[in-house]
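The values are calculated or read from the model by the stated rules, or taken from the named source; none is laboratory data. All figures in this text were calculated on a predicted structure; none of them were measured in a lab. Virtual Cβ from ideal backbone geometry, glycine too; neighbours counted across all protein chains shown. Accessible surface areas use protein heavy atoms only, side chains included; no ligands, DNA or RNA. Shrake-Rupley method; radii C 1.70, N 1.55, O 1.52, S 1.80 Å.
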Amino acid sequence: MDADRDKGASPGAPRVDALDKACGRQRYAADETPPGCLLAGVKRAGIPHGRIVRLDTAAARAVPGVVTVLTRADVPGTNRQGIVHKDQPVLCGQRVRHHGDPVALVVAENKDALAAGLAAVEVAFEALPAVFDPEEALSPNAPLVHPDREGGNLLAHGLMEKGDAESALAGCDVVVAGRFATPAQDHVSLEPPNGLARLAPSGRLTMVVSTQAPFRDRFEIAQALGLDPQRIRIRAPYLGGGFGGKDGATVQCLLALAALRLPGRWIKMAWSREETFLAGYKRHAAVMDIRLGARADGTLEAIACAMCFDAGPYAHLSGEIMELGMEHAGGPYRIPHVRIEGSCAYTNNPVGGAFRGFGVVQACFAVERAMDMLARRLGRAPESLRLQNALRPGETSAVGVAAEPGTDVAACLNAALAHPLWTGREAWKQAAPAFTRRGVGLVAVQNAMGYGRGLPDHATAKLELTRQGTFRLYNSVPDMGQGNAAAFVAMAAQALGQPEAAVACVQPDTAACPPAGSSSASRTVYTFGNALLRACRTMAEKLRNRAALALLCDTPDRLVLTPGGVSDPATGRFVPLSVLAGFLIRDDRICIDQFVMPVVENPPDTGREFKLGFPHRYFTYGACLCGVEADELTGRVRLVQCLLTVACGKVFTLAGVEQQLAGAAAQGAGLALFEELALEGGRIRAGDLSTYLIPTSLDLPDIDCLPLPDDEPSGPLGIKGMGEVGIHGPGPAVAQALFDAVGLDAASLPITPEVVLAALEELTP
Amino acid sequence: MNEPMDIAFRLNGRPVELTTDPGRRAIDVLREDFGLTAAKEGCGSGECGACAVLVDGTARLSCLMLAAQLHGRDLTTAEGLGRPDAPHPIQTAFAVHGAVQCGYCTPGMTIAAAELLARDPAPDREAARRALSGNLCRCTGYVKIVDAVLAAGAALRGEES
């Protein structure tokens, strides 16, 4: 293994951001502390549901060093934030709906004063009945999270259908049924949410925020606080991780509010790890009931799936997350009859929000587990049942969309089946050390790219030739660690025939960069990359034409951009870019272009209630193999082998693909084996990193990544998005492997040692 | 607030002095008084390792150290290991081997690696994983970080990586 790895280790050019980060020189939002900066903090509810009966800030205001204490009464505008549905208060005035809800904002000169001020805010609640189970929340007598809301606790509901699932199930030779559950998950970005804000005397609000969506943030802040979005400037430096947890307002509206009340002062808010657990968004816990039917020969005939998502008390993107989960609930398989119903309930649990995998993690676990059940019932090997039913290009997906041409999921499965980890699995299992049992699982995965129909997945890219004859690209999509900024530099350098050192990159700044969608949805490099390459083509053409004047060449097409200039191969003459730049005014040195992701042209006649985000046209496919070792004495499970094969278009850099796949798999493995918020009455009991366990270097194997030959003609340099696809496999693959190892048929995650021990005890009564 | 105390120590090879509350956290002294922001606060409770610095050659968590404990010590932050124009071989290896993604854990990881390689110049993957196990990373899955530590060891031993 190691020898293979070393042999293949031709790492290529490092990412342009890597060395600054390795040397500790990269400045994140959390590293910005202007002189005289004030600190802001939030007093949070600490109860799951209640009416505020008293809120007294006098004692807090009297704490030396406290500058101001703000409450709902100080909020101009609607006081409502939210990406699509505006239902989340900036500060709660009458009612709190989960433990992390904000009731007062304290601004102080220093940390000690801030802590003392927060402790001195006096708030009393009248406790209200609360609901913590999404299915209970939908029952007629459940406490209402938003009492005046039409529809009660049912935040969203939808149906995606193809054919006639009920009749088809009735006619199937074999039907399996199961109920599957996946838990809430915290992103644990190493950099917690944070930012800074200052209101200038001109009335312009300037912010530096660790955010995935600076352009959209402006509108969310403006709406909540009654401001003009054009008067808000947001910069998004490199993020210390995001994974969806910084898609949507965290500190933004609170900071902006503080800045409005304290003009001229920089104000900083940095959530602690505990506050991030308490108040940050979470992956939605979900429960899924599946009935899957097939003919005796294994041909899939029908699936009926009901998914129920726990939204917590505010909408965030819950409906859209449910929708994407539903779109993936049939898996990457050919199934003629499909009925997928989704519902999404308000509860008094932590707020559900975007998280890498966006509803698909939940759906994939359920459908892959159902495939295992079906394979067992039919007496088939799990991998052969998947291959038999693997969706091929041109066939319609579970929700009725024709699969695009390209490398398919069968190829991904076959590549895994040909890998030594699979071909050598029996010997590996037999070599299990004493008191351990080994098993191997293999599942198929898919992930849509982009926002989907109805919400233009857009980006605008700006490229400037500097007066010095170098280039500056204006990145409009935050880099939360996935490496898009470096990819953009490399793409532009290649397109312009320049070394990467000649291309500088401005990080997202709403005052300098044209707008683009968020850093999310496996869309970043695809959409912005396409816009950027268009801008590069225009720039190159312009420079050839201008150089033609200087080189006295009447066929500019024969000129080529070479490092530092434009050359004429016919004459050997060369004009430096610095000279060309000197002749151009600034407007002429800038090229701006845009791109919108193509959508499904003939959408199926289903899911009509979803105006935004259904269906999707492009999918990335993959397969995931996991080899586990279960300790017979402790029930502890080690993930010893992990392989991901993927079809994600052309590979721009192998290291970049491996980074995304392995990192996603690590997060999926955490969900499979360790990560559990241990919610009790809406309170997170595992609310720090000593109790909420994410994988360490000792918990993971050397994850192997194998991208297959593929091409997506609509993608920049043939690529497809692939930042999410790697997260789906480990959950169901570990579950399948544990069935292989100890006969445990897990229907929920995480699979803890207690569960494994119980299964082992059944094996050896 | 405690009585201010005079504290003198070596910081990235240079002697420094300051007068401050001895009960302040070392991470705050480094970030606020010296502008050295390589040590990151990921948890504030000694769980994540992002704030690691070398104290007399040992990797320590600066969020759990007090200013008074710096007195007389020799401190190295990631800034002191090397600069982008003159990087330490560990920093080069992290960049070249793709071990850096969001980068927030990276300075702490390089500190843990520096301690390991000083103690064990030729670690195997398992030893590298053990040495890094107090430093959480949420982006990478650790594979390329382990690759980088082994490559840095080879470079420091004068072998081709």
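Explain nothing, just the number: dipole magnitude of the range B:5-81 about its Cα centre with +1 on each Lys and Arg Cβ and -1 on each Asp and Glu Cβ, in debye rounded to the nearest 20. Don't skip to the answer; put the middle values down first.
Working: 8 positive and 11 negative charges, 31 e Å.
Charge dipole, the range B:5-81, about its Cα centre: 140 debye, nearest 20.
With a 1.4 angstrom probe, the accessible area lost at the A-B interface totals about 4200 Å². Relative contact order of chain A: 14 percent, from C-alpha pairs under 8 Å at least 6 residues apart in sequence. In this structure, the amide hydrogen of A:I234, modeled 1.01 Å from its nitrogen in the peptide plane, lies closer than 5 angstrom to those of A:M207, A:T510, A:A511, counting only residues at least 5 positions away or on a different chain.
Annotation: A:S384 carries an accessible surface of approximately 40 Å², with a 1.4 Å probe and no ligand, DNA or RNA atoms counted. Measuring with a 1.4 angstrom probe and ignoring ligands and nucleic acids, A:K611 comes out at about 150 Å² accessible. Summing Cβ point charges (Lys, Arg +1; Asp, Glu -1) relative to the Cα centre of the protein assembly as shown gives a dipole of roughly 2060 debye. Legend: calculated FRET efficiency, A:T691 to A:E426, from the Cβ-Cβ distance at R0 = 35 Å, rounded to 0.05, equals 0.35.
For the pair the range A:85-127 and the range A:428-460, the centres of their Cα atoms are 40 angstrom apart. Protein heavy-atom accessible surface, 1.4 Å probe, per residue over chain A: 34 Å².
Per residue of chain A, the DSSP helices (runs of n ≥ 4 H) give a summed -39500 (n - 2.57) that works out to -8000 deg cm²/dmol at 222 nm. Put A:H337, B:H71, A:H616 in order of accessible area, highest first, and with a 1.4 Å probe you get B:H71, A:H337, A:H616.
Which order do B:L36, A:L738, B:L156 take by accessible area at a 1.4 Å probe, largest first?
Numbers: B:L36 30, A:L738 0, B:L156 90 Å².
Largest accessible area first, the residues go B:L156, B:L36, A:L738.
Residue-wise HN-Hα couplings along the range A:217-234, as the Karplus relation 6.51 cos²θ - 1.76 cosθ + 1.60 with θ = phi - 60° gives them from phi, are 3, 4, 6, 5, 5, 4, 5, 5, 10, x, 10, 8, x, 6, 9, 10, 10, 10 Hz; Gly and Pro carry x. Cut-off 17 Å, label point 7 angstrom out along Cα-to-Cβ of A:T634: give me the residues of the range A:647-676 whose amide nitrogen falls inside. Zone members listed by number: A:673-675.
Close amide H pairs (under 5 Å, H built 1.01 Å from N) link A:R80 with A:V90, residues at least 5 positions away or on another chain. Taken one residue at a time, the phi angles of the range B:11-17 give Karplus couplings (6.51, -1.76, 1.60, θ = phi - 60°) of 10, 6, x, 10, x, 9, 9 Hz. Gly and Pro are set to x.
State the Kirkwood hydrodynamic radius of chain A in Å, one decimal place, computed from all pairs of distinct Cα atoms. Could the numbers behind the result be given before it?
Numbers: mean 1/r = 0.0366 Å⁻¹.
Roughly 27.4 Å, rounded to one decimal.
Find how many whole Å separate the alpha carbon centroid of the range B:12-43 from the alpha carbon centroid of the range A:481-527. The distance from the Cα centre of the range A:481-527 to that of the range B:12-43 comes to 34 Å. Label zone of A:A58 (point 7 Å out along Cα→Cβ, amide N under 13 Å): in the range A:106-138 this covers A:122. Evaluating 6.51 cos²θ - 1.76 cosθ + 1.60 at θ = phi - 60° for every residue in the range B:120-134, the Karplus couplings come out as 9, x, 10, x, 8, 4, 5, 5, 5, 4, 5, 5, 8, 6, x Hz, glycine and proline recorded as x. When chain A is described by a simple charge dipole with +1 on each Lys and Arg Cβ and -1 on each Asp and Glu Cβ, the residue from A:A13, A:L199, A:T620 located farthest towards its positive end is A:L199.
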